[in-house]
Amino acid sequence: MSDLTIPSDGSEMSDLTLRESDVYAETPELHERIDRIGFWLVGGATVMFFFSFVFAYFYLRSLDSNGLWRPAGVDPPTAYGILIAAALALSALAFLYAARVARQRGRGWGLPSGVALLLGLFACVAQAVEYAHIPFGPQSGGYASVFFGWTVFYVVIALISLYRVEVAFAAALRARGEEDGAVPEGLTPAAVYWAFVAGLGVLSWIILYLV
Amino acid sequence: MTGTVSARPLWRRLIGFNLLWGIVLGIVGFYFGWWLGHQIHAESLSFFESTNQNDVALMLGYVFALVGFLVGLGFLNYPLSRMRGHRATQAEKEEGGVGRYFTLCTDHKVVGIQYLVGIGFFFFIGGMNAMLIRAELLRPSPQLFGAGNYLTLVGLHGTMMMGIMTSGILGPFANYFLPLMIGARRMAFPRVESLTFWLLMAAGAILMTTLLFGGFPTGWTGYAPLNDEANYGFDSYIFFFALVGLSMTLLGVNMIVTTITMRAPGLTWGRLPIFCWGAISTALLMVLAAPVLIAALLMVAFDRGVQTSFFLSSAGGSPYLFQNLFWFFGHPEVYLLALPGFGIVLELLPVFARKPLWGYRIAVAGIVGVALLSFFVWQHHLFVSGLNSSLRPFYMFSTEAISVPTGLIFLCGMGTLWRAKIRYRVPMLFCLAWFFNFFIGGASGVFLSDVPSDVATHGSFFVMAHFHYTIMGGLVFAFFAAIYYWVPKMFGIALNERLGKIHFWTMFISFNSTFAPLFALGLMGMPRRVVTYPSNLQPLNDWVSVSAFVLGASMLLFLANVVYSLVIVRKPAPANPWDSHSLEWQTPTPVPLENFDRQPVIDSDPYDYGVPPVPVPLPPPAEAPAPG
Amino acid sequence: MNEPNHMRRIAIIWFALSVILTPIVVAVIAPTLPPGDATSAADNQLSDDTLLLGIVTPIAVAMIVYFAYTMIVFRRRGEPTEEGPATRDNRAVHIPWLVGTTAIVLFLATFGTVELADAGAGGGEGPEPAFKMTGDVLPVQVIAQQWEFTYRYPTYGGVETAHLELPVDKNVEFHVTSLDVIHSFWAPRLGVKADANPGVDNVAFVKPWQEMSFDIRCSELCGLWHGYMFDTGQVVSESAFEEWIHEQQRTFAPATKFLPKYSTQYFPEPERRAG
Ligand code: HEM
Ligand SMILES: [Cu+2]
Ligand SMILES: [Cu+2]
């Protein structure tokens, strides 16, 4: 390997040298690593976002200002809560499974990611339906505020996160004809991230419906 | 880099995904959202006649305006193609003339310059607001603007500065130079990088529209429940800060991932330029703090739009909730402004002192220490609020403790200057002034962190003086140091040295004469954000106002320098005008599209100045990490 | 090379300047500073300020001397560029520095806590104050609303007045609250500052030591006329206070009947937005 100095204006010998190891090639491993670390950080940001709602929940509850934290009758229907949490959990499992088969066999991730997508969308729709059947409104005190704020933005974030699930599913559809349809890059990190978001959904269910 | 100039006629080139269509679709989107909001509320569509405010309509207007803007710029193309099953690609719009600057471009150097110009523009607007505020304060009672407009000006100035300048150094300089400094060819997420810029611009434009909707009376802190009372104009504030928060979060993620994954072989953590340390510490704060701000603002939007009561104590909420969330973000925010300045100053000192950076490791410890500690001090903004009085000794201690890592930064600067061979070029002057200003800012901060002392000064002009010393004297001085230092690389043209020195001295002197008297005004009982003051304070206020106008004029000197050097004279800069050893100066100017034609391999840190050129006392990398 | 001993020179200049300047700052300038020492709280604040000034002055002198010295003595002009010595770090410097700054910080925090423990140094401490005044106190409620302050004396039948008068040499317990948005009750000479939060009882203590009149200003942005939310209060002798408050009770008797019962916080109907 030859050492060569970067052509600067020529006056100055620099000891930051370039060697002819000149591999600038971007490997799939690099892309996977970028995705993985990126998702960790976005996950951290997501946690901080929901942390604000968790904080609001416990803080307002402890203050019970003017006795209006949670007037009688402000109870969301439990059946919806269970339905949503279960759909999210199953969706996450399906997508994790999809990532696993893709890693192991290089194909066959289409069906499970399709299932994951459907379940995820179903959870969001169920949440919307719940709003129509809920016995209280956003103006019914502290708990109601936290409930609406939290769930609405949870749905928004879940929909954004489902993007990578959809991408995996669409890639599978397009790869159907081809013999060795390429596994989309970063499937595993995406699956871990979706599982993480779904986990947050289950956590919201625990706090909002059970605690 | 010099893209092929297309032969197509201009009108043909204007059609496509670019800023023009972003604006057009943004406006269309706004009216669509506005209309939709009125459908939901079944109210009149004409907003100039409507007296009954419809916040939902305005919020939807902003949401759809943003969507239209991003669609017009072409941000949806790639996600949609992937949702149709196409493969991942990397680059977009990297070739092709000036047009790149007005659209989604994935070249980090283009984004850096976009940021520089965009931020400069909004900084100018924020500065103009400051001039108007100072003009109003020439007399003890209102003379130019009414009380309401005055508050809007103060809020607009503060919000604009805080929101836009948070990316003031990371946006232009870290985007441009961090990849060059670590020997990378691109940022980890090039499209996201471009998105952060355009989000910021959309945010700035949205904040300006507050003027059409009556402004907002809350200052940059936007406390509840005043924000609930505020009229339409406050929705602009919400969207501005939420978009800034989003932009910051994404910027932070991008910076950190790039630094972790794309360093050149041999660039161990112990050799990372100190500016990159500053940038990624800032980035970490952005990732962890900005989402809290977004959440708090969305809660406000809910309180205003759909009648929740997060912050209404008479309906089960609490204003303290907002204060806690806001300052949980807000304190890291002020370090978001300070930390990049630390990085810039320590990065530039060695170049002009011709010595290695003294105490690299403790400098890193200082920067990281400040970043981490900044999450444990937020209640010092609430020392008289009645919140948690038993925790005050703790917050007093943690706040004062921040001066220990900050002191390390000073120590490194002092060590670097010791027996140095200092050359007074313009960037160096700004760096040295930084130490002076930041010392005053920091020392007054110790007064504010002391609870009894803070009881006297909280919410007064003393605080105003303190944070302008740290932000204007810290961040903005570092910002200018960076401009003078790096413009020769970014544009291939040097800024005029003599005009630069005149700019520096007017700015430095008028800055101090503007803000130092504010300490006295605060102690004498002048609260922030008031349009009236006792008439015995007029002489001092007039002095401050006049100095502020000189300070404003010094910015015009800078603009004159830019126009004179970059437009009129256009003297090409030498390839490495400062004799810097840092990697970014080893690339040709203009920097080629791919930055380096080969993978650089690093075998030292960038501070090997001085005689004798002792080898870096760092262990050589055990094995060159796998490339990339 | 015959280099002078730079460090010694810097130390001498620093020492000389500090010895002259620090006493001037502490003994001559500090006592003249606001908020003065007319009350217990103002005195707490001023003693912290004095101590801080006493510590900051020599540090500031050290910084200025060091930077000025290095910048003048080590400056270089012209080409070719000279290189400095390649020193990178020195434990013997940074360890003492770290220890020194940490010690100063610990000392300041301790001293601040001591002054704070004296009944909160005039700051609003919320409904459960951590640092209290013991013994006989006069409770005074400060009610802020857009855009004025009114004052209620619960021990005098809950009468609500438009002016604030306090007896001298008596412990006063302010209960600051608000009916709408956040305001802040600031009486600089009194050394009291406490935010007025809706639905919160923010308690602050002070003992005025001399008769005087003092300014009151709102110091938290509270909307349009925030800049006009000021007032003047009086500290008067005990007998003058008794006379004044009884007169207030007589004058406002017809109005007092209709006031809501005295409470540490009030919850008027919230003003909600139409949406
Ligand atoms: C050009 C020099 C500047 C001048 C003359 C100036 C002047 C002022 C003035 C007069 C106020 C209003 C004080 C009050 O009545 O409360 C103010 C507030 C403020 N300024 Fe500046 N400023 C300057 C630069 C900056 C910069 C560079 C930043 C930050 C990047 C900044 C951030 C703020 C903030 C956050 C506020 C508080 C606004 C609020 O109270 O909500 N300023 N400034
Ligand atoms: Cu007020
Ligand atoms: Cu006010």
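Only the coordinates and a few stated rules stand behind these numbers; no lab work does. This is a predicted model, so every value here is computed, not measured. Ideal geometry is used to build each Cβ from the backbone, glycine not excepted, and the neighbour counts take in all protein chains shown.
Can you give the direction-averaged projected area of the convex hull of the alpha-carbon atoms in the range B:429-554, in nm²? Mean shadow area of the hull around the Cα atoms is 8.3 nm². Distance between the pseudo-spin-label points of C:Phe107 and A:Ala79 (7 Å out from Cα toward the beta carbon): 7.2 nm. Divide the volume of the convex hull around the Cα atoms of the range B:485-612 by the residue count and you get 204 Å³ per residue. The convex hull drawn around the Cα atoms of the range B:175-230, when projected onto a plane and averaged over every direction, covers 5.8 nm².
The calculated FRET efficiency for B:Ile27 paired with A:Phe122, based on their beta-carbon distance and R0 = 51 Å, is about 0.90. If you take all C-alpha pairs in the range C:1-78, what percent of them are over 22 Å apart? Of the Cα pairs, 42 percent sit more than 22 Å apart.
With each label modelled as a point 7 angstrom along the Cα→C-beta vector, the B:Glu497-B:Arg598 pair spans 3.4 nm. Length available on full extension from B:Arg8 to B:Phe102: 0.36 nm per residue minus the Cα-Cα distance, which gives 32.1 nm.
May I ask for the distance between the Cα centers of the range B:177-219 and the range C:71-90, given as a whole number of Å? For the range B:177-219 versus the range C:71-90, the Cα centre distance is 39 Å.
Kirkwood Rh and Cα-based Rg: tell me the resulting Rg over Rh for chain C, rounded to two decimals.
We get a ratio of 1.17 for chain C.
The chymotrypsin sites (Phe, Trp or Tyr not before Pro) of the range C:186-275 that DSSP puts in a loop, and whose beta carbon has at most 10 other beta carbons within 10 Å, are C:Phe258. Relative contact order for chain B: 15 percent, from Cα pairs under 8 Å spaced at least 6 residues apart, divided by residue count.
The separation of the range A:77-108 from the range B:254-322, counted between C-alpha centres, amounts to 29 Å. For the pair B:Asn536 and B:Arg84, label points projected 7 Å from Cα toward Cβ lie 7.5 nm apart.
Percent relative contact order of chain C, based on C-alpha pairs within less than 8 angstrom and at least six residues apart?
18 percent.
I need to check one value: relative contact order of the range C:161-275, counting alpha carbon pairs closer than 8 Å and at least 6 residues apart, in percent.
30
By its C-alpha gyration tensor, with a ≥ b ≥ c as the square roots of the eigenvalues, how is the protein assembly as shown shaped: rounded for a/c under 1.5, else prolate for a/b larger than b/c, else oblate? Oblate, because a/c is 1.5 or more while a/b does not exceed b/c.
For the segment B:388-395, counting C-beta atoms of other chains within 10 Å of every residue's C-beta and taking the mean gives 6.
Return the loop-located GluC sites (Glu not before Pro) in the range A:120-199 (DSSP other than H, G, I, E, B) with at most 13 other Cβ atoms within 10 Å of their own Cβ; answer none if there are none.
When the GluC sites (Glu not before Pro) of the range A:120-199 are filtered for loop state and at most 13 Cβ neighbours within 10 Å, A:Glu178, A:Glu179 remain.
Run the helix sum for the protein assembly as shown: -39,500 (n - 2.57) per DSSP H stretch of 4+ residues, divided by residue count, reported at 222 nm to the nearest 500 deg cm²/dmol. Show your work: numbers first, answer last.
On the way: 30 runs with 615 residues, N = 1114.
Helix-only estimate at 222 nm: -19000 deg cm²/dmol.
Comparing the range C:137-273 with the 2.2 N^0.38 Å rule of thumb, its C-alpha radius of gyration ratio is 1.01 (two decimals). Counting only other chain Cβ atoms within 10 Å of each residue's Cβ, the peptide B:142-151 averages 2.
Relative to the first principal axis of the alpha-carbon coordinates of chain C, what is the inclination of helix C:91-117, with its axis defined by its Cα atoms, in degrees from 0 to 90 and to the nearest 10? So the inclination is approximately 20 degrees. Axis angle, to the nearest 10 degrees, between helix C:6-23 and the longest C-alpha principal axis of chain C: 30 degrees.
Calculated translational diffusion coefficient of the range A:28-210 (4 °C, 1.567 mPa s; Stokes-Einstein with Kirkwood radius over alpha-carbon pairs) equals 74 µm²/s. Could you give the distance between the Cα centres of the range C:33-69 and the range B:130-149, to the whole Å? Taking the Cα centre of each part, the range C:33-69 and the range B:130-149 sit 32 Å apart. Here B:Lys93 is the anchor, and the aspartates and glutamates within straight C-alpha reach of less than 17 Å, apart from those fewer than 8 places off in the same chain, are B:Asp107, B:Glu193, B:Glu594. Taking 25 °C and 0.890 mPa s as conditions, the range B:262-304 diffuses translationally at an estimated 192 µm²/s according to Stokes-Einstein applied to its Kirkwood radius (Cα pairs).
Exceedance of the 23 Å cut-off in Cα-Cα distance is limited, within the set B:Lys355/B:Lys571; C:Lys132/C:Lys207; C:Lys170/C:Lys193, to B:Lys355/B:Lys571. Full extension of the chain between C:Leu224 and C:Glu243 gives 3.2 nm of extra length, using 0.36 nm per residue less the Cα-Cα distance.
Given R0 = 60 Å, the distance between the Cβ atoms of C:Thr232 and A:Leu173 translates into a calculated FRET efficiency of 0.20. Could you compute how fast chain B diffuses translationally, taking Rh as the Kirkwood radius over C-alpha pairs and applying Stokes-Einstein at 4 °C with viscosity 1.567 mPa s? Give it in µm² per second. My calculation gives 51 µm²/s for D. Among the GluC sites (Glu not before Pro) in the range C:203-275, those located in a DSSP loop and surrounded by at most 12 other Cβ atoms within 10 Å of their own Cβ are C:Glu271.
Which residue, C:Leu179, C:Leu106, C:Leu51, tops the fluctuation ranking in a GNM of chain C built on C-alpha contacts under 10 Å? Top of the fluctuation ranking is C:Leu106.
The alpha-carbon atoms of the range B:102-234, seen along their principal axes, cover 57, 31, 24 angstrom, with the largest extent given first.
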